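Q: The following block contains the structure, expressed as structure tokens.
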Amino acid sequence: MVTTISNIDGRSITPVILAGGSGTRLWPMSRKSYPKQFVPLLGERTLFQDAAQRMSGSSATVRFAKPMVLTNSLFRFIITEQLAQEGIDPEAILIEPEGRNTAPAILAAAVHLAKTQPDAVMLVAPSDHVITDREAFHEAVAKGLTATAKGDLVTFGIQPTRAETGYGYLEIGERPDGSGMPIALRSFVEKPDAVRAEEMLATGNYLWNAGIFLFAVKDILAAFERHTPELFEAVNQAVEQAEGDLGFLRLAAEPWARADNVAIDYAIMERADNLSVVPYDAGWSDLGDWDSVWGHMGPDEQGVSLAGAATAIDCRNSLLRSETEGLEIVGLGLDNIVAVAMNDAVLIADKSRTQDVKKVVEALQRKGAAQAETFPKDHRPWGWYESLLIGGRFQVKRITVLPGASLSLQSHFHRSEHWIVVEGTAKVTLDDDVTLLTENQSVYIPVGARHRIENPGRIPMVFIEVQTGPYVGEDDIVRYEDRYARG
């Protein structure tokens, strides 16, 4: 059965994309400062971009409004950059002052949406999942709309293919009949042990909890007000007192801090009695470890998956990835191994232990290694930079400035800088002088000089920055003018 737009009275659905995360399970490509949804793990697009594209435009079954995104300050410019690359203009990007789990985030989106679209329907989805069949997903969403029309809160359950202990489960009152239509949801089940997972798989009355939800704004607001009145009040105040900032909406910190750190499963779904679940069986993964990535990359006949400058010789059931230009990774006689190489860290692990990669991050955190959380490419509102070489009194960076973007007018107390343009055209301010530099041209910035570099062109501008001095830390900076309103 295909549900068409005419069956749902032409209503559009507002996607709400949750884009937080700690980035530990796919280290070293995913880190706290740059979690997996922003990394191109399975192609040129990132998981976040895939999610935004999957929930945009119209199809034979559904029509989507502009998306809303819930995130934090650290990721806000990454999100705008990646949405712009896909040609997607968001309805709003809400900035959480601190992570508060899914219940406050979803409630904030609903409160904000209710101001202008009180009759809207929300589709809430994580930004880091893989859904391979776009049309099948749209059809499942359309079927879920039939339940929201009756006032139900709808979640999506994945038909399990194995006795998985890493997912929560949904208990349903009857086996799915294959139609994909919503059925009654009996209960939520915590991640089981291996024995319990096998038992649930055998019954056929359990689905994996995908963490995707569909409901009318008025119905989810009523549920929060009924079941979590204190959370409802705190989040309402955080939205009411929110302030605009460069196109973002910053939720107010004081009331947000009073919001419980709780998942929507516990806050609402386990308490409500108007629940339905849409069974889904058309390709889904939370891409939760390197073994899952290996499988989605499409291993060859020997079970080997390769990415980047990687070579496998007499290897079996292994994953080799080079994520650094000019860095070759070669496997010889490997079996059941994951090897991921970046310019500042390399992971080598038994493929059967990929669920334990978070222990690697914990070990690095204990020894104070920056690689535990910090990504080698640092994203800024104007573009990004990466450190190529760091010494006692110098640092070399490759810096990319987006078209029309500009660094702040600034100066440094402890370092001088040499800039060499290698791609594009740069507009350079040095005290009272303004000049244009093209490829292979350079300029020297003395200690204490006020300076700024801009990209007046239509393509990214890349330059090499060589810093020299007794201190080259990022905090040696005085900003005089900054279009991004940083301190």
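Q: Among the residues of the stretch 249-283, count how many are among the aromatic types (Phe, Trp, Tyr) and open to solvent by 60 Å² or more (accessible area, probe 1.4 Å). Break it down into steps so the answer makes sense when it comes.
A: Taking the stretch 249-283 first, the residues among the aromatic types (Phe, Trp, Tyr) are 256, 266, 280.
Among the residues that remain, those that are also open to solvent by 60 Å² or more (accessible area, probe 1.4 Å) are: 266.
The qualifying residues number 1.
Q: Any chance the stretch 289-296 includes a residue that's out of contact with any helix residue (DSSP H, G or I) (no Cβ under 7 Å at 6 or more places or on another chain), over 29 Å from Phe48 (Cβ atoms) and open to solvent by 20 Å² or more (accessible area, probe 1.4 Å)?
A: Taking every residue of the stretch 289-296 in turn, none turns out to be out of contact with any helix residue (DSSP H, G or I) (no Cβ under 7 Å at 6 or more places or on another chain), over 29 Å from Phe48 (Cβ atoms) and open to solvent by 20 Å² or more (accessible area, probe 1.4 Å).
Q: Which of the residues that make up the stretch 200-241 are among the aliphatic types (A, V, I, L, M), in a helix (DSSP H, G or I) and at pLDDT 95 or above? Spell out the reasoning first.
A: We begin by selecting, within the stretch 200-241, every residue among the aliphatic types (A, V, I, L, M); these are 200-202, 207, 210, 212, 214, 216-217, 220-223, 231, 234-235, 238-239.
Subset that is in a helix (DSSP H, G or I): 200-202, 217, 220-223, 231, 234-235, 238-239.
Of everything in the stretch 200-241, those that are among the aliphatic types (A, V, I, L, M), in a helix (DSSP H, G or I) and at pLDDT 95 or above turn out to be Val217, Ile220, Leu221, Ala222, Ala223, Leu231, Ala234, Val235, Ala238, Val239.
Q: Further, regarding this structure: Can you run down the residue pairs with Cβ atoms below 6 Å, 6 or more apart or on separate chains, where the first is in the stretch 442-454 and over 14 Å from Asp432 (Cβ atoms) and part of a strand (DSSP E or B) and the partner is open to solvent by 50 Å² or more (accessible area, probe 1.4 Å) and at pLDDT 95 or above?
A: The qualifying pairs are Ser442/Ile420; Tyr444/His418; Glu454/Lys427.
Q: Of the residues Leu347, Leu402, Leu409, only one is open to solvent by less than 70 Å² (accessible area, probe 1.4 Å), touching a Pro at 6+ places or on another chain (Cβ under 8 Å), in contact (Cβ under 8 Å) with a residue 60 or more places away in the chain and more than 20 Å from Ser30 (Cα to Cα); which?
A: One residue alone meets the criteria, Leu402.
Q: Looking at this structure, is Thr429 among the polar types (S, T, N, Q) and open to solvent by 40 Å² or more (accessible area, probe 1.4 Å)?
A: On the way: among the polar types (S, T, N, Q): yes; open to solvent by 40 Å² or more (accessible area, probe 1.4 Å): no.
When the stated conditions are applied, Thr429 does not pass them.
Q: With respect to Ile220, determine if the residue is in contact with a Leu (Cβ under 7 Å, 6 or more places away or on another chain) and in contact (Cβ under 8 Å) with a residue 40 or more places away in the chain. Please lay out each step first, then the result.
A: Working: in contact with a Leu (Cβ under 7 Å, 6 or more places away or on another chain): yes; in contact (Cβ under 8 Å) with a residue 40 or more places away in the chain: yes.
In short, yes.
Q: Could you please tell me which pairs satisfy a Cβ distance under 8 Å, a separation of 6+ or placement on different chains, a first residue in the stretch 236-252 that is in contact (Cβ under 8 Å) with a residue 12 or more places away in the chain, and a second residue that is surrounded by 14 or more Cβ atoms within 10 Å (Cβ to Cβ) and of a type in the set (Ser, Thr, Tyr)?
A: Pairs that qualify, where the first residue is in contact (Cβ under 8 Å) with a residue 12 or more places away in the chain and the partner is surrounded by 14 or more Cβ atoms within 10 Å (Cβ to Cβ) and of a type in the set (Ser, Thr, Tyr), are Leu246/Tyr484; Gly247/Thr80.
Q: Continuing with the same structure: Need a quick list: helices (runs of 4 or more DSSP H) entirely within the stretch 19-119 having at least 1 residues that are more than 28 Å from Gln371 (Cα to Cα), among the β-branched types (Val, Ile, Thr) and touching a Phe, Trp or Tyr at 6+ places or on another chain (Cβ under 9 Å).
A: Values: elements: 47-54, 76-85, 102-116.
The helices (runs of 4 or more DSSP H) meeting that bar are 102-116.
Matching residues to (1) in contact with a helix residue (DSSP H, G or I) (Cβ under 6 Å, 6 or more places away or on another chain); (2) of a type in the set (D, E, K, R); (3) open to solvent by less than 20 Å² (accessible area, probe 1.4 Å); (4) on the phi > 0 side of the Ramachandran plot:
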| site | (1), (2), (3), (4) |
| --- | --- |
| Gly144 | no, no, yes, no |
| Asp152 | no, yes, no, no |
| Ala163 | yes, no, no, no |
| Met181 | yes, no, no, no |
| Ala184 | no, no, no, no |
| Ser187 | no, no, no, no |
| Lys191 | no, yes, no, no |
| Ala197 | no, no, yes, no |
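Q: Quick check, is Ser56 out of contact with any Leu (no Cβ under 9 Å at 6 or more places or on another chain) and not hydrophobic (A, V, I, L, M, F, W, C)?
A: On the way: out of contact with any Leu (no Cβ under 9 Å at 6 or more places or on another chain): yes; not hydrophobic (A, V, I, L, M, F, W, C): yes.
When the stated conditions are applied, Ser56 passes them.
Q: Could you list, in sequence order, all residues of the stretch 455-487 that are surrounded by 12 or more Cβ atoms within 10 Å (Cβ to Cβ), of a type outside the set (Phe, Trp, Tyr) and not in a loop (DSSP other than H, G, I, E, B)?
A: Of everything in the stretch 455-487, those that are surrounded by 12 or more Cβ atoms within 10 Å (Cβ to Cβ), of a type outside the set (Phe, Trp, Tyr) and not in a loop (DSSP other than H, G, I, E, B) turn out to be Met461, Val462, Ile464, Glu465, Val466, Gln467, Thr468, Val478, Arg479.
Q: Take the residues of the stretch 374-397 that are among the polar types (S, T, N, Q) and under 27 Å from Ile79 (Cα atoms): which is least open to solvent (accessible area, probe 1.4 Å)? Break it down into steps so the answer makes sense when it comes.
A: Restricting attention to the stretch 374-397, the residues satisfying the condition of being among the polar types (S, T, N, Q) are 374, 387, 395.
Right, trim to under 27 Å from Ile79 (Cα atoms) and you get 374, 387.
Numbers: Thr374: 73, Ser387: 40 Å².
Looking at the filtered set, the residue picked out is Ser387.
The values are calculated or read from the model by the stated rules, or taken from the named source; none is laboratory data. Just so it is clear, the model here is predicted, and its values are computed rather than measured. Note that each Cβ is placed from the backbone with ideal geometry, even for glycine, and that neighbours are counted across all protein chains shown. When the accessible area is computed, the model is the full protein with side chains, heavy atoms only, and any ligands, DNA or RNA have been set aside. Shrake-Rupley method; radii C 1.70, N 1.55, O 1.52, S 1.80 Å.
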